[in-house]
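The values are calculated or read from the model by the stated rules, or taken from the named source; none is laboratory data. Remember, predicted model here, so these are calculated numbers, not experimental data. In this analysis, Cβ positions are derived from the backbone assuming ideal geometry, glycine residues included, and neighbour counts consider all displayed protein chains. Please note that ligands, DNA and RNA were not included when accessible areas were found on the heavy atoms of the full protein model with its side chains. Shrake-Rupley method; radii C 1.70, N 1.55, O 1.52, S 1.80 Å.
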Number of protein chains: 2
Amino acid sequence: MATTDLASRVYDHTWKLDPIVRSLLDTDFYKLLMLQMIWRLHRDTKVTFSLINRTSRVKLAEEIDEAELRDQLDYARSLTFTKKEMIWLAGNSFYGRSQIFEPEFLAWLAKFRLPEYELKRVDGQFELDFHGPWTHTTMWEIPALAIVNELRSRSAMRPMGRFALDVLYARAKSKLWDKVERLRQLPNLRLSDFGTRRRHSFLWQRWCVEALKEGLGDAFIGSSNVLLAMDADLEAIGTNAHELPMVEAALSPDDAALHGAPYRVLREWETLYGGNLLIVLPDAYGTTAFLKNAPDWVADWTGFRPDSAPPIPAGEEIIAWWRSKGRDPSEKLLIFSDGMDVDTIEETYRHFSGRARMSFGWGTNLTNDFRGCAPEPCGALDPISLVCKVSSANGHPVVKLSDNPRKASGPEEEIERYLKVFGSKGRIDREVFV
Amino acid sequence: MATTDLASRVYDHTWKLDPIVRSLLDTDFYKLLMLQMIWRLHRDTKVTFSLINRTSRVKLAEEIDEAELRDQLDYARSLTFTKKEMIWLAGNSFYGRSQIFEPEFLAWLAKFRLPEYELKRVDGQFELDFHGPWTHTTMWEIPALAIVNELRSRSAMRPMGRFALDVLYARAKSKLWDKVERLRQLPNLRLSDFGTRRRHSFLWQRWCVEALKEGLGDAFIGSSNVLLAMDADLEAIGTNAHELPMVEAALSPDDAALHGAPYRVLREWETLYGGNLLIVLPDAYGTTAFLKNAPDWVADWTGFRPDSAPPIPAGEEIIAWWRSKGRDPSEKLLIFSDGMDVDTIEETYRHFSGRARMSFGWGTNLTNDFRGCAPEPCGALDPISLVCKVSSANGHPVVKLSDNPRKASGPEEEIERYLKVFGSKGRIDREVFV
């Protein structure tokens with residue numbers, strides 16, 4: 001006799017919305033660290049975040065239904081941090097430090113909701129903007145990306161039958177586990193999940209995190225996803241992002257102030273955080289320019305996260321700089337997190353082994369590698385290069401130069417001005433896959 | 001809020017037995033065809049079937065708990081054909097023929113139960129014998145093998161955690177689907193599932209059959225498993241097995257009668273069945289001997305199933321024989337089913353393409369290929385060469401010579417006598433994997 005759980009069946013068949021983001025903790029940890037700094041030091045700054053699809057051949061507004069996108073964004077706006085989540089943020093220690101979030105900030109956070117959004121369809125793409133106080137718009141980055149990416153996967157999978165889906169996930173699991181088996185060959189590897197924003201889906205990211213926990217043991221040091229870190233008793237990983245120097249730069253009154261912006265931001269960060277949270281992200285206006293002009297105290301920071309230059313030359317450049325400053329690179333930390341996959345992790349690991357401490361942030365190729373997994377070839381499941389970036393601050397345009405001109409953002413004439421201030425040395429054009 | 005189906009949970013946690021064989025239809029179709037012939041022509045013959053583990057390095061009685069084995073065998077003995085099953089056997093057409101089973105046989109079958117078994121542990125192996133009327137003991141072959149094989153998989157998987165199991169099945173699914181994608185490249189392939197006896201588990205065989213149905217379309221012509229054929233509306237596939245000539249030979253009063261036994265059995269078969277059911281299994285006492293002495297009318301049969309010689313030489317030998325008898329091989333059918341996997345299927349298919357009709361019975365390497373799938377290497381999931389063979393008939397020892405001496409069975413002195421009667425030409429020693 002077949003038994004049917006009637007309640008489940010009726011519930012399944014009268015499904016209204018399958019929310020993608022079900023918790024405000026389903027975001028990257030660095031957003032909370034940055035948020036506390038923004039809340040403390042820049043709470044009157046107005047900042048616009050905008051969705052940018054760098055894979056322009058993919059017409060997002062043709063793959064994703066606008067009404068579904070609105071439903072998901074609206075659902076995310078209905079969320080507040082739950083009591084359990086607030087207690088965990090207050091009571092957990094992060095990077096070995098307890099009470100990293102001050103009580104006044106947490107009291108403010110308890111009332112937080114995601115602000116409004118502006119959504120338009122233009123030429124087959126979505127124009128999705130978030131205007132308002134930086135303290136609010138910054139929090140849209142990760143949920144907006146996760147929502148758009150998961151709606152895209154759902155749309156790609158809609159025509160597939162039950163069996164094709166079964167094969168799809170079986171292959172994706174096999175593929176990931178094969179990667180895990182390669183990574184476990186690397187002694188003392190330190191690797192974390194950085195895959196929230198580009199994930200195939202929330203549940204798939206959760207499976208990937210479980211796989212790393214199961215397969216890598218201590219080599220898996222945590223997840224950038226705060227919700228998954230809480231649920232799986234993992235370390236929450238992450239420090240800061242480009243938006244800090246970008247807004248600081250945009251608000252600089254003149255070129256001299258602009259020139260010093262990347263370092264002022266680090267000083268601000270130091271007032272709030274220490275130890276392993278002192279990680280420099282050097283490439284907003286070119287790593288070479290950053291290092292050339294960096295004050296000596298920057299070399300006292302724990303490490304660097306090169307983000308838009310190829311890992312080996314970038315690491316070499318930073319190591320040479322540490323040496324030139326009289327610091328011992330073997331005591332320093334390099335964090336590699338830009339489009340890494342097993343091949344590049346292995347290569348980078350072997351290259352720097354014994355010369356510097358290293359850790360890897362594994363993102364899109366961890367949580368969204370379904371290439372070749374569908375029974376019928378399906379390009380719509382391939383990840384795209386989708387970002388959500390600051391586009392203006394208090395009405396001023398915001399610019400990123402990056403080590404790779406294809407990752408630059410901002411109005412053309414402002415990019416020219418920034419290039420004059422920072423120079424273009426070391427910037428090399430390279431294809432952006434994810 | 002998490003919801004729990006209380007009834008399911010309590011049921012799962014007070015589990016008593018997870019039966020492996022849940023229906024008497026969970027057997028190979030040829031058993032039912034042979035049973036009707038045995039019931040009609042040999043109902044007084046007493047035949048013993050015995051389990052033989054040809055992979056002697058695997059100590060079955062150390063891997064499988066005797067009490068669990070008894071529970072499963074006892075459960076199978078509690079089964080009768082259900083009303084729905086009897087109606088389907090009577091109403092379905094098989095090999096294009098309706099009412100293949102006569103009403104009197106079905107009336108007898110409706111009361112059928114599996115007979116007693118005798119089980120002992122000897123030197124780390126099980127001695128499992130079924131004594132009694134051939135009409136009853138013959139029906140133990142497939143359930144006994146399926147039960148022992150599935151208990152062995154269960155035992156191998158017992159130490160694995162939830163995650164390891166997830167990876168195991170994901171990889172097995174990926175592996176099978178990769179095979180399916182290779183097979184779908186072969187135009188006009190005809191392939192059926194022959195994997196009941198050696199399957200990893202019933203549910204896995206069901207998944208494999210669904211995969212072939214989904215992936216191969218018309219190239220997948222059916223399953224030897226009657227239950228799966230019924231449930232999935234597939235053709236039930238299979239004709240006859242070695243037990244027929246083996247018992248006929250064992251009961252031959254003298255060497256002259258023994259010499260004619262393989263052909264007498266075919267004559268008996270013809271009285272009941274025709275058309276595509278006229279498939280010769282030529283190797284019980286060596287294919288070369290069989291062909292040399294075969295009367296001309298054997299060449300009128302639809303096809304041959306070479307079973308213990310390598311497929312290409314065996315097919316060539318049979319094609320040459322058809323030609324020598326003035327028959328057109330391109331109108332004849334060769335069925336390959338001995339330890340086939342994708343490589344040998346492709347090779348054999350290409351070799352005979354256009355020269356003879358072909359079909360493939362895919363067994364162990366379809367339904368039990370978990371080699372390399374477990375996260376921690378686990379040889380206990382590799383398939384073994386386990387058979388359940390006639391060992392005596394009316395008190396006489398029963399002999400099989402086969403094209404491969406390693407597949408021979410019977411007492412040494414009887415094998416000697418049979419070799420004198422049939423000769424040993426064409427018999428070649430080859431390793432038996434599955």
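Some points to look at:
- Sites A:Ser330 and A:Asp254, calculated FRET efficiency, Cβ-Cβ separation with R0 60 Å, nearest 0.05: 0.90
- Only one residue of B:Phe112, B:Phe360, B:Thr55 has its Cα farthest out toward the positive end of the dipole of chain B, where Lys and Arg carry +1 and Asp and Glu -1 on Cβ, and that residue is B:Phe360.
- Of the residues B:Val247, B:Pro295, B:Leu176, the one whose Cα sits farthest towards the positive end of the charge dipole of region B:6-422 is B:Leu176 (charges of +1 on Lys and Arg Cβ, -1 on Asp and Glu Cβ, taken about the Cα centre).
- Against the compact-protein benchmark of 2.2 N^0.38 Å, the Cα-based radius of gyration of region A:34-167 scales to 1.27.
- Computed FRET value (nearest 0.05) for B:Ser8 with B:Ala67, which takes r as the C-beta separation and R₀ as 30 Å: 0.65
- Model label points for A:Asp74 and B:Lys111, set 7 angstrom from Cα along the Cα-to-Cβ axis, are 7.0 nm apart.
- Each Lys and Arg Cβ is given +1 and each Asp and Glu Cβ -1; about its Cα centre, region A:347-434 then shows a dipole of about 520 debye.
- If R0 is taken as 60 Å, the Cβ-Cβ distance between A:Asn394 and A:His351 corresponds to a FRET efficiency of 0.90.
- Each Lys and Arg contributes +1 and each Asp and Glu -1, all at the Cβ; summed about the Cα centre of region B:6-422, the dipole is approximately 500 debye.
- When shorter helices are ignored and each DSSP H run of at least 4 residues is given -39500 (n - 2.57), the per-residue value for chain A at 222 nm works out to -13000 deg cm²/dmol.
- Length-normalised contact order for chain B - Cα pairs under 8 Å, 6+ apart - percent: 21 percent
- Lys, Arg +1 and Asp, Glu -1 on Cβ, resulting dipole of the protein assembly as shown about Cα centre, debye, nearest 20: 140 debye
- Rounded, prolate or oblate (a/c below 1.5 giving rounded, otherwise prolate when a/b exceeds b/c) for region B:245-312 by Cα gyration tensor: oblate
- Nonlocal amide H pairs with B:Lys46, under 5 Å, H built at 1.01 Å: B:Trp134, B:Asn394
- Cβ-based charge dipole, region B:112-260, positive-most Cα from B:Gly215, B:Asn149, B:Val122: B:Gly215
- Note on region B:356-434 and region A:165-236: Cα centroid distance 44 Å, given to the nearest whole angstrom.
- Contact order normalised by residue count of region B:180-291, Cα under 8 Å, 6+ apart, percent: 19 percent
- For A:Tyr169, solvent-accessible area (1.4 Å; no DNA, RNA or ligand), Å²: 70 Å²
- Zone of A:Lys120's modelled label, taken as backbone nitrogen in region A:126-152 under 12 Å from a point 7 Å along Cα→Cβ: A:126-129
- Each principal axis of region B:6-422 carries a Cα extent, and these read 68, 49, 45 Å when sorted largest first.
- Cα gyration tensor shape of region A:384-434, rounded if a/c is under 1.5, else prolate or oblate by comparing a/b with b/c: oblate
- Dimensions of region A:199-294 from C-alpha coordinates, computed as largest minus smallest value along each principal axis and given longest first, are 51, 29, 24 Å.
- In summary, the lysines within cross-link reach of A:Lys325, defined as a Cα separation below 16 angstrom excluding same-chain residues under 8 places away, comprise A:Lys292.
- Set of aspartates and glutamates near A:Lys420 by C-alpha distance (under 17 Å), chain-local residues within fewer than 8 positions excluded: A:Asp254, A:Asp255, A:Asp283, A:Asp403, A:Glu412
- Less than 5 angstrom separates the built amide H of A:Ile335 from those of A:Phe304, A:Arg305, A:Ser359, all sequence-distant by 5 or more or on a different chain.
- Projected onto their three principal axes, the Cα atoms of the protein assembly as shown cover extents of 112, 55, 52 Å, largest first.
- Stretchable slack from B:Ile428 to B:Arg323, in nm (0.36 nm times residue separation minus alpha-carbon distance): 35.4 nm
- Pairs spanning more than 19 Å between alpha-carbon atoms, out of A:Lys31/A:Lys389; A:Lys84/A:Lys111; B:Lys173/B:Lys407; B:Lys173/B:Lys213: B:Lys173/B:Lys407.
- Peptides B:124-135, B:344-355, ordered by how many other C-beta atoms sit within 10 Å of their residues on average, highest first, read B:124-135, B:344-355.
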